[in-house]
Amino acid sequence: MKVLIIQQKMIGDVLATSILFEAIKQKYPDAEVHYIINSHTYPVVENHPFIDKFHFFTPELEKSKLKLYQFAKQLKKEHYDAVVDVYSKISSNIISYFTKAKIRISLDKGPNALIYNHLFKNKLKADTNAGLAIENRLQLLTPLGIDSLHIVRPKIHLTDSEKQNAKDFLLGHDISLEKPLYMIGVLGSGSSKTYPFEYMAKTIDTIVNEQPEAQLLFNYIPKQEADAKAIYELCNAQTKTQIYFEVFGKSLRDFLAITSHCDALIGNEGGAINMAKALQIPTFTIFSPWIKKEAWNMFDDGKTHVSVHLKDYNQEPYLNIKHPKELKSKAAELYSQFKPRYFDEELKTFLKRLN
């Protein structure tokens, strides 16, 4: 069996979808499975033992219909038996059609029924603590005879040298691996997914108050440095002395290797949280008020992985809506209601369990 899986989106999505490869290989050890992803997301699945071949969806393909057509025609030569299109975008519809695979699987989006012969609606309620992001992906494999409730966890595969280099890097910056080391996800992927700066600073102060020996690293990329610095400046004087602001990974693989040495990742929901979970690092996640927590609180157990959402404390904004996404335009207003005191005890209890 030869299978093509298409996942054109962000890092967290690419990581979550990588579970399909292990699930397929468990059922069909001799299967050959290929992955189409956006080129910039490759580091999160680099060295994955169950992915046989990558095909990169580049910005050029997104912009040029001719290049997309040529890409799709080239993939037809692979002679796939099945194609799994996880999000069903126009470009992935074109690719799926041109593969001429006998089994074509995707989400049910109405018009795409002309292309796919197996369509699925996203589940509204998870059956396990894996969460909807995992379960909705696994159900796409049922036409291949794979049990959708046989849960597979996302995993990131670092080399020994990557982990050793990260260790040497931390030690070289006077960070002790004998004391608590926390990665702080200070910023989300955008303003509507970023906890207010003042509130984040108070949350970071709480971490240091509870863990006087804590060493804190900020997760940010160079273009976010000014915003990360603004949060740093809002922290109290003692907290600032325990933040190693200049210590961060220069690449995604560097970030992953550094995070593998941390005791926890605490902060905004997003790719960094999902990557920490895939590295088996404890997480404390602050969800944006307009994100559906049930979809992305993967493997939350209230102990090793804890997440908080405004809806946990105030149901009123969610009473007359079908999906939290309807509240995206009100993100700033709702964030202002989501005060750190709401989850203060949960955070303190989480930190105590790490000792």
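The values are calculated or read from the model by the stated rules, or taken from the named source; none is laboratory data. Only a predicted model underlies this, so the values are computations on that prediction, with no experimental measurement involved. Virtual Cβ from ideal backbone geometry, glycine too; neighbours counted across all protein chains shown. The protein model used for the area step is the full one, side chains on, heavy atoms only, and it has no ligands, DNA or RNA in it. Shrake-Rupley method; radii C 1.70, N 1.55, O 1.52, S 1.80 Å.
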- request: Answer with yes or no whether Asp81 is in contact (Cβ under 8 Å) with a residue 24 or more places away in the chain, of a type in the set (D, E, K, R), open to solvent by less than 30 Å² (accessible area, probe 1.4 Å) and closer than 22 Å to Ile19 by Cα.
  value: no
statement: Taking first residues from segment 150-177 that are more than 15 Å from Gly249 (Cβ to Cβ) and second residues anywhere that are among the basic types (Lys, Arg) and surrounded by fewer than 17 Cβ atoms within 10 Å (Cβ to Cβ), the pairs with Cβ under 8 Å that are 6 or more apart or on different chains are Leu177/Lys167
query: If you scan segment 296-313, which residues turn out to be closer than 18 Å to Tyr342 by Cα and open to solvent by less than 40 Å² (accessible area, probe 1.4 Å)?
result: His305, Val306, Ser307, Val308, His309, Leu310
statement: All conditions in (1) in contact with a Lys or Arg (Cβ under 6 Å, 6 or more places away or on another chain); (2) open to solvent by 30 Å² or more (accessible area, probe 1.4 Å); (3) among the hydroxyl-bearing types (Ser, Thr, Tyr) are true of Tyr318 except (2)
- prompt: Counting only residues that are assigned to a loop (DSSP other than H, G, I, E, B) and under 21 Å from Lys322 (Cβ atoms), which one in segment 113-122 is least open to solvent (accessible area, probe 1.4 Å)?
  reply: Asn122
- line: Counting only residues that are within 18 Å of the chain's Cα centre (by Cα) and open to solvent by less than 40 Å² (accessible area, probe 1.4 Å), segment 37-78 contains a total of 7
task: Just give me the residues in segment 321-342 being within 22 Å of the chain's Cα centre (by Cα), open to solvent by less than 50 Å² (accessible area, probe 1.4 Å) and touching a residue at least 40 places away in the same chain (Cβ under 8 Å), in sequence order.
output: Ala331, Tyr335
Residue count, segment 243-295 (criterion: closer than 17 Å to Phe169 by Cα, open to solvent by less than 30 Å² (accessible area, probe 1.4 Å) and either touching a strand residue (DSSP E or B) at 6+ places or on another chain (Cβ under 6 Å) or at pLDDT 95 or above (or both)): 10
- prompt: How many of the residues making up segment 233-242 are surrounded by 15 or more Cβ atoms within 10 Å (Cβ to Cβ) and in a helix (DSSP H, G or I)?
  reply: 3
field: Listing of strands (runs of 3 or more DSSP E) fully contained in segment 1-87 that carry 3 or more residues being among the small types (Gly, Ala, Ser) and in contact with a Phe, Trp or Tyr (Cβ under 7 Å, 6 or more places away or on another chain)
entry: none
- request: Identify the residue in segment 216-232 that is part of a helix (DSSP H, G or I) and out of contact with any helix residue (DSSP H, G or I) (no Cβ under 8 Å at 6 or more places or on another chain) and, among all such residues, is least open to solvent (accessible area, probe 1.4 Å).
  value: Ala228
